[in-house]
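First the structure, in the form of structure tokens, and then the observations on it.
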Amino acid sequence: MIRILAARIFATIAIAGMLASGAAFAIDSSEDFEDPRMQARYEKLTAELRCLVCQNQTIADSNAGLAVDLRRETRQMLLDGKTDDQIRTFMVERYGNFVLYRPPVDSNTLLLWGAPAILLLGGAIVAAVVIRRRAGMKFDDEEGDELAHEESNA
Amino acid sequence: MWRYFLPIAFFVLLVGFFLRGLSLDPSEIPSPLLGKPAPAFALPSLDDPAKTVGTDTMKGEVALLNVWGTWCAGCRQEHDTLMAIAAAGEVPIYGLNWKDDPDAARQMLRQMGNPYVANGVDADGRVAIDWGVYGAPETFLLAADGTVIYKHIGPLNLGIWQQDILPLALQAREQQP
């Protein structure tokens, strides 16, 4: 028991240590911007642009040739004084909305964006029906029978 | 009644989504360039760096632009197909030699044959980004006025060429003023 606990604590510390030293494992080996605000924008942008060859990684996560090129391009546009939106538009014009990890709401992505609300609503309806039925069965057997009866008629 | 119908309806819906979703290839991303003017470029020619190859070179006739590199296995795989298309002579093929060693590229074309009318050397991959290229080989079909008609991602073969691309090329040529 104690041994398991010790192992768990050790694992937790090891993982925390790995996370804390994340910078040491950074993929992006390019130099930081002089301006920390610029660096923050660069990090935010590269973390929300998809690397299209590796698909489930951002260009900040990947050292695929294309990711390196797109990081370089992002860096250059920032230095040229482009806004974040201009940089996103640049990427979308070339690679389509798929390049964005946060695609805009349009007719294609409506279901994607709406799904959480739809699922939540569906879950709420199911929960409401179950709760009402159970409440009926517990406190008033007659009503519960009625409910079951109604249902078989439906 | 609902008790039985709802789960079945839900199941059928899920199966529908899966059938559609699993039959799509997530590595084929539709190009936003289709129907738009090709992004202009002018690059040094692979054969003679003093000359330029670019959108101006390709204009005036229906043409293919093939993105390739000697490092790309799919490009070697489709090379025979490109040779056959070039031999048929219906549509000229231009090449975009993407992030490659020019010497290696010239050597590969000497050894395996050269299907290209001309090649632009995109050493730093800057032009490829403008074209939304994310993996070689990619092949674009261009109208005479430089509009992008079609993009094929991955190695070409004669089946794809004859069924998907050639008809579009011939159609574009007919519509040409």
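I'm checking my understanding of the structure. Among residues of region A:68-108 that are closer than 17 Å to A:Gln55 by Cβ and part of a loop (DSSP other than H, G, I, E, B), which one is nearest to the other protein chains (Cβ to nearest Cβ)? Ranking the candidates gives A:Gly96 first.
If you check B:Pro115, B:Pro92 for being of a type outside the set (Phe, Trp, Tyr), in contact with a Leu (Cβ under 6 Å, 6 or more places away or on another chain) and either surrounded by 14 or more Cβ atoms within 10 Å (Cβ to Cβ) or farther than 20 Å from A:Gly65 by Cβ (or both), only one passes: B:Pro115. For the structure I just gave you, tell me whether B:Val148 is within 14 Å of chain A (Cβ to nearest Cβ), modelled with pLDDT of 95 or more and part of a helix (DSSP H, G or I). Considered against the rule, which asks whether it is within 14 Å of chain A (Cβ to nearest Cβ), modelled with pLDDT of 95 or more and part of a helix (DSSP H, G or I), B:Val148 comes out as no. A:Ile27 falls short on exactly one of the conditions (1) more than 14 Å from chain B (Cβ to nearest Cβ); (2) within 19 Å of the chain's Cα centre (by Cα), and that condition is (2). Restricting B:Asp100, B:Asp122 to residues that are within 23 Å of A:Val99 (Cα to Cα) and surrounded by 21 or more Cβ atoms within 10 Å (Cβ to Cβ) narrows the list to B:Asp122.
Just the residues that are among the hydroxyl-bearing types (Ser, Thr, Tyr) and part of a loop (DSSP other than H, G, I, E, B), please, taken from region B:31-61. First the steps, then the outcome.
At the first step, the residues of region B:31-61 found to be among the hydroxyl-bearing types (Ser, Thr, Tyr) are B:31, B:45, B:52, B:55, B:57.
Listed by number, the list holds a single entry, B:Ser31.
The values are calculated or read from the model by the stated rules, or taken from the named source; none is laboratory data. Remember, predicted model here, so these are calculated numbers, not experimental data. Every residue, glycine among them, receives a Cβ derived from its backbone with ideal geometry; neighbour counts consider all protein chains shown.
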